[in-house]
Amino acid sequence: MSRSNALRDRTSSGGAVIGVSLIGKAAEGLTLVGLVVVLPRALGPSDYGRFAIALSLVTLVSTSLALGGPTLLSRFVPAQAPDERIRTARAIGTRFLRVRLVQSAIVVAVAAVLVARDSDRFTLVATALVAAAIVLDSAATLGFQIMLGLGASTLWSFRYPLQNAILCVVGLLMYRVAGIDGAIAGIAVGSAAVATVAAIAVRERLRGVAPAPTLPEGVIRFAVVQTISGFFLQLVQRGPVIAVILLASSSTEAGFAALASGVAQALSYVVSQAFSVELPSLAARFDAAPGDVEQSVRRLAWLATALMIPVALGGVLVAEEGLPRLVGSGFAGAAPAFVPALAILPLAGVAAAATQISALRLHPEARLVANVAGGVAFLVIAAFAVPVWGSVGATVALLVGTAVTVCVSPALLPGLYSPALLLTASFGAGLVVALPTALERVGI
């Protein structure tokens, strides 16, 4: 096969993978209607805020326990010789399963201590459900990590549509029976469902396969660094709801922050998903053609930026009038929080590109420093802004934390992306923030 034909085949394969990812995201988008429209309307701002706190904790903790996240196996497994990939996946999965069991025991122990010390604040049922959801969700993530590393992008792409659909259906039904504890039960049931799917898929794929005798060089260091880095990233992304409940002591404002940041994060995950499912194929050919591979990442970042700017602007235009109609008049006060939240969308492409290229270069320390910088910025802004502005302060902190992460990354990864791309993304975010003021000045 000629070089041009091989390149054409790889490009076609990569396009198909991204296509499957986008179909999965379209399916996830339908289920997110339940999370950001149906559930808020059914629960109301206050109970939705309590539900969102539980969901944010589950996501933050379970993601932090996922050693290396989806990047780890997607980077190291495809880089092995074809006949060694399954054995390598088995070896990494077995090692990390042991760690996951220890982590799960710690989660259960911490939950028990919280209930014992303050059962009024940490009720037995709600705390047990959150702990169970964390354990099950982290187990599911490990299974889906393994399958993505082995090229099962379709399974990975449809994980969250399935999980969200079950969460919404069970949460709504149980809320009618058991109130807020019933809604939280939906989180645990959704996690249990995808953990079951992951266990079946991994068992079928790895059955009878002996693990590789040694792990790939550098995999443990990469996993540890990525785990710490992922915690700070999730702190920025999931922190707004927790910051509001801690600093503003308002479950209603927490509901506003959850809705605004949840919609923005759901849209930004469309971008990160496209990068995630493409990583295994890029990792397999990075050593042979690093320049071509990185250029492919940058092209996808440009495309994502071009698409997300009008999406964010459109979201700001419809938020004020659309929110009361979609989720009820109780959420009319959430509209201002949507402006800084939606402003993260133009930055999603460059953020995902930084994650991708740091993984390809096996330089996770760069992402660690950038994410720590973003996390610190989030905490500082939240500490000052949330007590004063509530949900708006929380989403401002989200935007600042994201922007700091994006701007620090090029200094740590030379040649990461062009100044034009960073300026375009930054300009787009600025447009989103400035749009309400501009409309007000012209009387619209």
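The values are calculated or read from the model by the stated rules, or taken from the named source; none is laboratory data. Everything numeric here is computed off the predicted structure, so don't read it as measured data. As a convention, Cβ positions derive from the backbone with ideal geometry for all residues, glycine included, and neighbour counts pool all protein chains shown.
Each row is one residue, and each column tells you yes or no for (1) free of Cβ contacts under 8 Å to residues at least 24 places away in the same chain; (2) crowded, with 18+ Cβ neighbours inside 10 Å; (3) not hydrophobic (A, V, I, L, M, F, W, C).
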{"residue": "Thr355", "(1), (2), (3)": "no, yes, yes"}
{"residue": "Ala359", "(1), (2), (3)": "no, yes, no"}
{"residue": "Val372", "(1), (2), (3)": "no, yes, no"}
{"residue": "Ala377", "(1), (2), (3)": "no, yes, no"}
{"residue": "Ala383", "(1), (2), (3)": "no, no, no"}
{"residue": "Val388", "(1), (2), (3)": "yes, no, no"}
Look at Glu321 and say whether it is of a type in the set (Asp, Glu), within 24 Å of Pro436 (Cα to Cα) and at pLDDT below 95.
yes
Entirely in the range 105-205, the helices (runs of 4 or more DSSP H) that have 2 or more residues that are in contact (Cβ under 8 Å) with a residue 24 or more places away in the chain, among the hydrophobic types (A, V, I, L, M, F, W, C) and touching a Gly at 6+ places or on another chain (Cβ under 8 Å)
124-149, 159-178
Which of the following residues is over 30 Å from Arg361 (Cα atoms), part of a helix (DSSP H, G or I) and either out of contact with any Pro (no Cβ under 6 Å at 6 or more places or on another chain) or not aromatic (Phe, Trp, Tyr) (or both): Gly291, Gly239, Gly314?
Gly314
Could you tell me whether the range 208-223 includes any residue that is within 21 Å of the chain's Cα centre (by Cα) and either on the phi > 0 side of the Ramachandran plot or buried (at least 22 other Cβ atoms within 10 Å of the Cβ) (or both)?
yes
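Being aliphatic (A, V, I, L, M), surrounded by 19 or more Cβ atoms within 10 Å (Cβ to Cβ) and out of contact with any strand residue (DSSP E or B) (no Cβ under 7 Å at 6 or more places or on another chain) narrows it down to one of Leu172, Leu150, Leu97, so name that one.
On inspection, the qualifying residue turns out to be Leu150.
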Working only within the range 394-426, note down all residues that are surrounded by 13 or more Cβ atoms within 10 Å (Cβ to Cβ), free of Cβ contacts under 8 Å to residues at least 60 places away in the same chain and not in a loop (DSSP other than H, G, I, E, B).
Val396, Leu399, Val400, Ala403, Val404, Val406, Cys407, Val408, Ser409, Pro410, Leu412
Residue identified as closer than 18 Å to Tyr417 by Cα and within 20 Å of the chain's Cα centre (by Cα) among Leu279, Leu267
Leu279
All positions within the range 231-270 that are in contact with a helix residue (DSSP H, G or I) (Cβ under 7 Å, 6 or more places away or on another chain) and at pLDDT below 85:
Ala266, Val270
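Residues checked against (1) farther than 23 Å from Ser276 by Cβ; (2) more than 24 Å from the chain's Cα centre (by Cα); (3) surrounded by fewer than 18 Cβ atoms within 10 Å (Cβ to Cβ):
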{"site": "Arg298", "(1), (2), (3)": "no, no, no"}
{"site": "Trp302", "(1), (2), (3)": "no, no, no"}
{"site": "Val316", "(1), (2), (3)": "yes, no, no"}
{"site": "Ala319", "(1), (2), (3)": "yes, no, no"}
{"site": "Arg325", "(1), (2), (3)": "yes, yes, yes"}
{"site": "Ser329", "(1), (2), (3)": "yes, yes, yes"}
{"site": "Ala334", "(1), (2), (3)": "yes, no, no"}
Thr405 vs. criteria under 21 Å from Val316 (Cα atoms) and hydroxyl-bearing (Ser, Thr, Tyr)
no
Could you tell me which numbered condition Leu162 fails, if it satisfies all but one of (1) more than 17 Å from the chain's Cα centre (by Cα); (2) closer than 30 Å to Glu278 by Cβ; (3) surrounded by fewer than 19 Cβ atoms within 10 Å (Cβ to Cβ); (4) not hydroxyl-bearing (Ser, Thr, Tyr)?
(1)
Does Phe51 satisfy the condition of being among the hydrophobic types (A, V, I, L, M, F, W, C), over 16 Å from the mean Cα position of the chain (by Cα), crowded, with 23+ Cβ neighbours inside 10 Å and modelled with pLDDT under 90?
no
